[in-house]
Amino acid sequence: MSCSNLTMLVSSKPSISDASNLSFRSVLNPFQLLSQNSPSCSPSRSSVTPVQCGLRELRTRIESVKNTQKITEAMKLVAAAKVRRAQEAVVNGRPFSETLVEVLYNINEQLQTEDIDVPLTKVRPVKKVALVVCTGDRGLCGGFNNNIIKKAEKRIAELKDLGLDYTIISVGKKGNSYFLRRPYIPVDRFLEGGTLPTAKEAQAIADDAFSLFISEEVDKVELLYTKFVSLVKSDPVIHTLLPLSPKGEICDINGNCVDAADDEFFRLTTKEGKLTVERDSVRTKTEDYSPILEFEQDPVQILDALLPLYLNSQVLRALQESLASELAARMSAMSSATDNAVELKKNLSIIYNRERQAKITGEILEIVAGANALQ
Amino acid sequence: MTLNLCVLTPNRIVWDSEVKEIILSTNSGQIGVLPNHAPIATAVDIGILRIRLNDQWVTMALMGGFARIGNNKITILVNDAEKSSDIDPEEAKQTLEIAEANLS
């Protein structure tokens, strides 16, 4: 059987409800080559009405949909496994942040009476704002990257309305390519995220924000990342990174402050056989520490050492949440892609079988007619 | 009487066990901590932490942070820490050469 090379224009719709809506338009160039054996049905070339295509084409199409389904299913499972790893990373980082919060709390209690002046907590009149935008590295994750970029654009518009200057620190390949294509947005630095955010990457971002703030180039640093709410829902949020509040509170741009002792973390579990994510809120116990805790150095020096650590852990936390939401978005996008592939394959199979049966019926009719004619 | 030492980084817990003595390098010099040390809080400089377990010393590189010494309980919070056994001398030498070249 000679395989003719056919160029086929296929229109595939995202959701196919009725099999009769499925149609292919085929443009055959070497139609003359199909001389002696043409096992496939003869498609007519018509630009007005879309025509059903041949059996072989349907078969190849069904094969490719099956392969695509395998790939999307695999991607979903890989994303699910990575969410577990991301969750473990968050859990591993908890002892650090818990202890840090405890220490910060105690030191603040002891320094209530003293007048401390730490540069990182200095509140200045805001003239320029730095936005740290956390996006993902790869696509195929639904609306994840678009949501965070839209939020960034909205914030930029807000700042412009307020007459404030701004600069962007972009983290992640998707954000980088977006801002590279728009040279009218001032970008301070492009940073790449790794597969799993480590303290080193958080350090690089924190160092950049630190130097911009300390050198008084910017007066406020805001962190834009996606908060992981559930497997199907994630929220882009904006948190004020600098200036830090000495108590270690995490503040929203609207001024809603969350006490640093309240910690939320997510858990990937199964409920009724399906993967879900639950968020738990835990409050770290801040017990009264012995008041005779002596400071080896000046309290200002101690806070100088503590607050960058806190900054680092905040940035790392944001990166981890961002990664977890990206993975969850990829999971749900790939899951719906797999469902679509299954449905598409079913519809294609129905059409294929119908074609096949029609051809067989045609051949039988020919034979019967021929036999009748002979009598 | 032993000290309980906890070295924490944002990624993981590097060390969490009992030790006999530690030598920590802080902003104001090196301090040695024995059991029943007075409670202090100190900033930690980038330097080497020496840990003694039963007459044998283990060293660890710390990238700066904070240390709190309480009732025989030491908590060190650092940005990064590496045990000397995990460091490859060849790689470290190369990194040193690159860093020196960048400085000049």
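The values are calculated or read from the model by the stated rules, or taken from the named source; none is laboratory data. This one's a predicted model, so the numbers in the text were calculated from it and none came from an experiment. All Cβ positions, glycine included, derive from the backbone under ideal geometry; neighbour counts span all protein chains shown.
Which one of these does B:A38 not meet: (1) within 14 Å of chain A (Cβ to nearest Cβ); (2) crowded, with 17+ Cβ neighbours inside 10 Å?
It fails just one condition, (2).
When residues of the stretch A:298-326 are filtered for being in contact with a Cys (Cβ under 8 Å, 6 or more places away or on another chain) and over 19 Å from A:V91 (Cβ atoms), how many remain?
So the count comes out to 0.
Could you tell me whether any residue of the stretch B:83-94 is in a strand (DSSP E or B) and at pLDDT below 90?
Yes, the stretch B:83-94 has at least one match.
For the stretch A:181-202, name all the residues that are more than 14 Å from every other protein chain (Cβ to nearest Cβ), among the hydrophobic types (A, V, I, L, M, F, W, C) and closer than 25 Å to A:A324 by Cα.
Across the stretch A:181-202, the qualifying residues are A:F190, A:L191.
Looking at the stretch B:70-93, is at least one residue within 13 Å of chain A (Cβ to nearest Cβ), under 22 Å from A:I302 (Cα atoms) and without any contact (Cβ under 8 Å) to a residue 60 or more places away in the chain?
Looking through the stretch B:70-93, at least one residue is within 13 Å of chain A (Cβ to nearest Cβ), under 22 Å from A:I302 (Cα atoms) and without any contact (Cβ under 8 Å) to a residue 60 or more places away in the chain.
In the list A:A86, A:A80, which residue meets the criterion of being more than 14 Å from chain B (Cβ to nearest Cβ) and surrounded by 14 or more Cβ atoms within 10 Å (Cβ to Cβ)?
Just a single option satisfies the conditions, and that option is A:A80.
Report, by residue number, each residue of the stretch A:216-238 that is part of a strand (DSSP E or B) and either of a type in the set (S, T, Y) or within 17 Å of A:P308 (Cβ to Cβ) (or both).
Of everything in the stretch A:216-238, those that are part of a strand (DSSP E or B) and either of a type in the set (S, T, Y) or within 17 Å of A:P308 (Cβ to Cβ) (or both) turn out to be A:V221, A:L223, A:Y225, A:T226, A:S234.
So which residues in the stretch B:1-13 are part of a strand (DSSP E or B) and more than 9 Å from chain A (Cβ to nearest Cβ)?
B:L3, B:N4, B:L5, B:V7
Which of the residues belonging to the stretch A:145-180 are in contact with a helix residue (DSSP H, G or I) (Cβ under 7 Å, 6 or more places away or on another chain) and modelled with pLDDT of 90 or more?
Scanning the stretch A:145-180 gives A:N145, A:I149.
Kindly provide the set of residues from the stretch A:160-186 that are aliphatic (A, V, I, L, M) and crowded, with 17+ Cβ neighbours inside 10 Å, ordered by number.
A:I168, A:I169, A:V171, A:I185
For the stretch B:14-32, what are the residues that are within 11 Å of chain A (Cβ to nearest Cβ) and surrounded by 15 or more Cβ atoms within 10 Å (Cβ to Cβ)?
Across the stretch B:14-32, the qualifying residues are B:V14, B:L24, B:T26, B:N27, B:I31.
With the condition kept exactly as written, say whether any residue in the stretch B:27-45 is within 14 Å of the chain's Cα centre (by Cα) and not in a strand (DSSP E or B).
Among the residues of the stretch B:27-45, at least one is within 14 Å of the chain's Cα centre (by Cα) and not in a strand (DSSP E or B), which makes the answer yes.
Just one of (1) more than 24 Å from the chain's Cα centre (by Cα); (2) away from every other protein chain (no Cβ under 14 Å); (3) buried (at least 20 other Cβ atoms within 10 Å of the Cβ) trips up A:L309, so point out which.
Failing condition for A:L309: (2).
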